[in-house]
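The values are calculated or read from the model by the stated rules, or taken from the named source; none is laboratory data. Owing to the predicted nature of the structure, the values given are computational and were not obtained by experimental measurement. Here the Cβ is made from the backbone with ideal geometry for all residues, glycine too, and neighbour counts use every protein chain on show.
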Amino acid sequence: MKTAQVENGKLIIKEVENEKLNGRKGAIVRVLGCGLCGSDIVKLRHNLVKNGTVLGHEIVARILEIDSETDFKKSDLIVTSHHIPCGKCEYCKNGNVSMCRHFKQTNITPGGFSELVFVSEEHLKNVAYLKPENLKEDEAAFYEPLACCVRAVKRAKLAQNSTALVIGLGSIGILMAQALRAFGMNVIGCDLINSRVELLKSLGIEAFNSYQMCDSISADAVFMTSGSDKAIPTALKYVRDGGKILVFSSTPDNSGYFNNEIYYRELTVLGSYSPSPSDLKDSLELLKSGEVKVKGFSTFYELEQIQKAINDTLENKILKAYIKLFD
Ligand SMILES: [Zn+2]
Ligand SMILES: [Zn+2]
């Protein structure tokens, strides 16, 4: 089978032996496609993973072979996430499921940018679903990224009708804004790229070019999806005293929020990382119901073009890359 493997900060296509069940419970799936996540790019560019790693986790796949106690069967078309919390440790008990050590260890093998993938029984039981029929495969691939946003919205614990500002309207920002709306918030989005501002507006959500924001905006919460250090002063400018800043991406300089600013303004700065099984369930419902729209967001690339997909993403030429492997 073909895979895209990490090699010294790049992805190269490598032929490896087919993934097989080999007596394990679970399923071997054929990957129809896999979304390219911003975190895949960060891992690659900052050498956070070993050579030989197969990245990719936003898969839509068909079951080829299965040995499972679940209702899934051969030829089912599924979506799945990659990590599963144990539900028993201190992290899980305190609601930090994505910090659970079991969560971090579990994964689909070898990774989504592969023709064949092993999805364990634990995945099938906890985080896999049939692809909803009313969604195209690239739309269903937003199952996991939208769930990350759902989790962030829940963690912010905002009162209904709170004003939430989303800084950065890449695919995640656009999902975040829609998730916030679905949870009853007044949402404003901003980005430096006008086409993204227009996209959010076309979805019925107020949006501004960051340079043209009115100073009167006072947000109960600011959601940081841009991945830029420059967004931090913007967040501090627009969050109201006593408000919240939800950190949702890494930034290159890893610079931060100042102690005294947090103290004197009584701000809450909190992070949200990766979704729980219940966030995933909610995400699929939001996609299925059309409350969160993702139609036409994806640009398709073949596996061999994955490096181009990464470059196009980095250059903001596209909103979201979907690596298409099979029909
Ligand atoms: Zn992702
Ligand atoms: Zn746990």
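Scanning the range 12-47 for residues that are under 27 Å from Gly173 (Cα atoms), modelled with pLDDT of 95 or more and away from ligand 1 (no atom under 16 Å from the Cβ) turns up just one, Leu32. Restricting attention to the range 73-95 and to residues that are at negative phi, within 22 Å of the chain's Cα centre (by Cα) and not β-branched (Val, Ile, Thr), the residue that is surrounded by the fewest Cβ atoms within 10 Å (Cβ to Cβ) turns out to be Cys86.
Looking only at the range 276-299, which residues are surrounded by fewer than 22 Cβ atoms within 10 Å (Cβ to Cβ) and among the small types (Gly, Ala, Ser)? Passing the criteria: Ser278, Ser289, Gly290, Gly296.
Checking every residue in the range 45-56 against the condition of being away from ligand 2 (no atom under 16 Å from the Cβ), farther than 23 Å from Tyr129 by Cα and not in a loop (DSSP other than H, G, I, E, B) gives at least one match.
Scanning the range 141-158 for residues that are surrounded by fewer than 24 Cβ atoms within 10 Å (Cβ to Cβ) and of a type in the set (D, E, K, R) yields Lys154, Arg155, Lys157. Of the strands (runs of 3 or more DSSP E) lying entirely inside the range 77-149, the ones with 3 or more residues being in contact with a strand residue (DSSP E or B) (Cβ under 9 Å, 6 or more places away or on another chain), outside the structural domain of Met176 (by TED's automatic domain parsing) and of a type in the set (Val, Ile, Thr) are found at 77-80.
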